[in-house]
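Visitor: Take this structure, written in structure tokens, and hold onto it; I'll ask about it next.
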Amino acid sequence: MKQTKIFTFFFLISLFSLLPKKAGSQTWSSPVALTTGTLSDRNPAVSVFIAVTLARPVCLCWETDRNGNWDIYSRFNYTGTEWSSPIAVTTDPDSDINCSVAYDTCRSLWWCAWQSKRDGNWNIYVSSGDSLSGWSIPTRISSSSATEQNPTIAVSTEDSTVWVVWESDSTGYWNIYSRYYNGTTWSSIMPITADTFKNAHPKIATYTVPSRVFAVWESNRDGNWNIYQSVYSGSWSPPAPFTTADLFNDLSPSLVSDFTNEGGWTLWQCDSSGNYEIYSAGGDTNRITQHDSADITPAGISLGFPVRQFGPPYCIVWATNRDGNYNIYSLQQMGIGLLSVDQDPSDDRNPVVSAITVNSNYYLWAIWESNRDGNWNIYGSYQIIPVGGVEETAIVNHQPLTINYHLYQNHPNPFTLETTIFYTCPTEEKVSIKIYDLLGRLVRTLVNESQRAGEHNIKWDGKDSEGRTLPSGVYFCSFETPNYSSINKMLFLK
């Protein structure tokens with residue numbers, strides 16, 4: 001039996017004590033049909049970008065056989081509840097399936113990766129685009145004559161490097177491979193595993209502190225299925241077990257980044273109780289579900305701060321047959337708990353979850369495939385969760401989100417070791433971030449340079465410009481550009 005510890009995510013302990021607890025319940029909206037038709041729309045994928053209280057517009061991609069073969073299509077959400085018309089990512093006469101999508105905050109566009117049979121065998125392709133310009137001509141990034149499949153894509157918020165991982169049987173065995181794009185060229189293909197076992201369904205995430213890329217996948221190298229991991233920091237580390245080698249099966253890993261993008265946690269399904277349950281780990285291993293049914297294919301999101309009323313710093317969704325057929329359920333922190341997203345008597349499968357911030361509200365979307373119409377279509381349901389501190393607004397009719405000047409409250413606050421200061425600029429210009437004491441004396445300059453438009457963050461360790469630790473007390477963070485200035489108060493406790 002897997003060890004089940006006290007239910008606590010390593011980065012949520014302090015957040016639980018900070019968030020207000022308020023009686024009441026949050027419910028999901030009635031299911032919304034995101035695709036319609038008599039053919040099949042399956043395997044949805046969504047972009048996720050959370051930074052403090054800012055959740056970027058969402059891109060939904062999926063595979064469809066509406067053209068007589070399998071293609072990748074997309075829709076975009078800029079307003080919270082409305083989605084753009086479907087836009088084709090691919091129109092090739094051969095099959096394109098198993099897509100993954102990620103948002104590129106530096107270039108203000110999305111990247112999509114998928115497997116395609118246009119070369120006679122399955123290879124990995126990528127494209128970038130948005131709702132206004134459409135998608136670029138697909139680029140092949142794998143070149144094997146074997147089978148390359150199940151890609152996952154991620155984009156670094158630090159330097160906008162685009163990462164793709166996938167599985168391939170090019171050596172006669174299924175192994176995990178990777179490649180990255182630095183804005184100019186694609187790297188060479190880098191193996192993450194090179195063994196004689198089955199390695200499958202890789203997932204990837206990029207973290208900023210320290211700068212690294214994190215990959216997980218399922219492997220049967222121990223005789224049963226377990227989750228393995230590797231970290232890229234100049235090169236990929238040797239594969240290491242993420243779950244314990246035992247007699248049970250761990251499958252369907254999913255990665256969730258925290259709202260500062262400095263770390264995250266992993267979800268997966270495990271049959272240690274005789275049926276599949278959902279587990280998580282972000283330091284400790286936790287059992288999320290306990291029911292005599294099959295709970296499978298988890299996905300999750302970590303939301304930012306502050307939450308003005310009650311709201312979840314995270315949301316997990318999965319498919320379960322506890323109602324006799326497969327339906328979608330969710331688990332949310334902070335007084336919301338377990339919820340049924342949909343209880344239609346048909347089958348609902350492969351859920352994903354994302355969010356967008358509009359007018360100081362999170363629009364939290366759960367999206368899945370359903371055969372309630374006699375064929376498979378994509379459905380979604382949403383919650384509206386109030387948040388605070390957001391000055392960004394979405395423009396109706398699917399225009400890009402406008403970035404304003406804003407200095408967000410540092411987190412954590414108060415702090416003892418270090419704190420992170422978040423800010424946004426609408427244009428490229430000179431930026432200064434300076435720390436002053438209560439007497440108005442400058443104690444530290446953190447930033448004094450020209451910076452690109454977009455979101456930024458910088459850490460302060462409570463030290464002055466000479467590296468000396470300052471006394472406990474109130475300090476002021478000044479954010480200045482040629483066109484804007486703002487000051488926040490911070491509390492440093494040694």
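Visitor: Looking at Thr420, Thr445, Thr416, Thr427 in this structure, which one is among the β-branched types (Val, Ile, Thr), under 30 Å from Glu82 (Cβ atoms) and out of contact with any Phe, Trp or Tyr (no Cβ under 7 Å at 6 or more places or on another chain)?
Guide: One residue alone meets the criteria, Thr427.
Visitor: Can you tell me which residues in the range 56-83 are open to solvent by 10 Å² or more (accessible area, probe 1.4 Å), farther than 17 Å from Leu109 by Cα and assigned to a loop (DSSP other than H, G, I, E, B)?
Guide: Asp65, Arg66, Asn67, Gly68, Asn69, Trp70, Thr81, Glu82
Visitor: For the range 133-152, give me each residue that is open to solvent by 60 Å² or more (accessible area, probe 1.4 Å) and farther than 18 Å from Trp186 by Cβ.
Guide: Ser133, Ser145
Visitor: Being under 28 Å from Thr424 (Cα atoms), outside any strand (DSSP E or B) and without any contact (Cβ under 8 Å) to a residue 60 or more places away in the chain narrows it down to one residue among Gly183, Gly223, Gly234; which is it?
Guide: Gly183
Visitor: If you don't mind, there's one more thing I want to ask. Considering only residues that are more than 23 Å from the chain's Cα centre (by Cα) and surrounded by 14 or more Cβ atoms within 10 Å (Cβ to Cβ), which ones fall in the range 178-189?
Guide: Correct list: Ile189 only.
Visitor: Next question. If we keep just the residues of the range 323-373 that are aromatic (Phe, Trp, Tyr) and farther than 22 Å from Asp292 by Cβ, which is most open to solvent (accessible area, probe 1.4 Å)?
Guide: Tyr363
Visitor: Please enumerate the residues belonging to the range 316-328 that are touching a residue at least 24 places away in the same chain (Cβ under 8 Å) and part of a strand (DSSP E or B).
Guide: Ile316, Val317, Trp318, Ala319, Thr320, Ile328
Visitor: For the range 88-111, how many residues meet the condition of being over 22 Å from the mean Cα position of the chain (by Cα) and open to solvent by 40 Å² or more (accessible area, probe 1.4 Å)?
Guide: 3
Visitor: From the list Asn249, Asn226, Asn175, Asn199, pick out the single residue that is crowded, with 17+ Cβ neighbours inside 10 Å and touching a Cys at 6+ places or on another chain (Cβ under 8 Å).
Guide: Asn249
Visitor: Something else about it: Residues being open to solvent by 30 Å² or more (accessible area, probe 1.4 Å) and part of a strand (DSSP E or B): count how many of those fall in the range 33-50.
Guide: So the count comes out to 3.
Visitor: Which members of the range 333-372 meet the condition of being within 16 Å of the chain's Cα centre (by Cα) and either closer than 21 Å to Asn286 by Cα or without any contact (Cβ under 8 Å) to a residue 60 or more places away in the chain (or both)?
Guide: Selection gives Pro351, Val352, Val353.
Visitor: Would you kindly identify the strands (runs of 3 or more DSSP E) lying entirely within the range 419-494 that contain at least 3 residues that are loosely packed, with under 12 Cβ neighbours inside 10 Å?
Guide: Filter on the range 419-494 gives 442-451.
Visitor: Continuing with this model, one more query. Give me the residue from the range 374-418 that is hydroxyl-bearing (Ser, Thr, Tyr) and modelled with pLDDT of 80 or more and, out of that set, most open to solvent (accessible area, probe 1.4 Å).
Guide: My answer is Thr416.
Visitor: Can you pull out every residue in the range 253-269 that is in a strand (DSSP E or B), at pLDDT below 85 and open to solvent by 10 Å² or more (accessible area, probe 1.4 Å)?
Guide: Result: Ser257, Gly264.
Visitor: OK, next. Looking only at the range 103-136, which residues are among the aliphatic types (A, V, I, L, M) and at pLDDT below 95?
Guide: Across the range 103-136, the qualifying residues are Leu109, Leu132.
Visitor: Tell me, which residue of the range 15-32 that is surrounded by 13 or more Cβ atoms within 10 Å (Cβ to Cβ) and assigned to a loop (DSSP other than H, G, I, E, B) is modelled with the lowest pLDDT?
Guide: Leu19
Visitor: Could I ask something else about it? Out of everything in the range 293-322 that is open to solvent by 10 Å² or more (accessible area, probe 1.4 Å) and under 30 Å from Leu407 (Cα atoms), what residue ends up being modelled with the highest pLDDT?
Guide: Ranking the qualifying residues of the range 293-322, first place goes to Gly300.
The values are calculated or read from the model by the stated rules, or taken from the named source; none is laboratory data. Just so you know, these numbers come straight off a predicted model, no measurement behind them. All Cβ positions, even for glycine, are placed from backbone atoms using ideal geometry, and neighbour counts span all protein chains on display. Heads up: the accessible areas ignore ligands, DNA and RNA and are worked out on the full protein's heavy atoms, side chains in. Shrake-Rupley method; radii C 1.70, N 1.55, O 1.52, S 1.80 Å.
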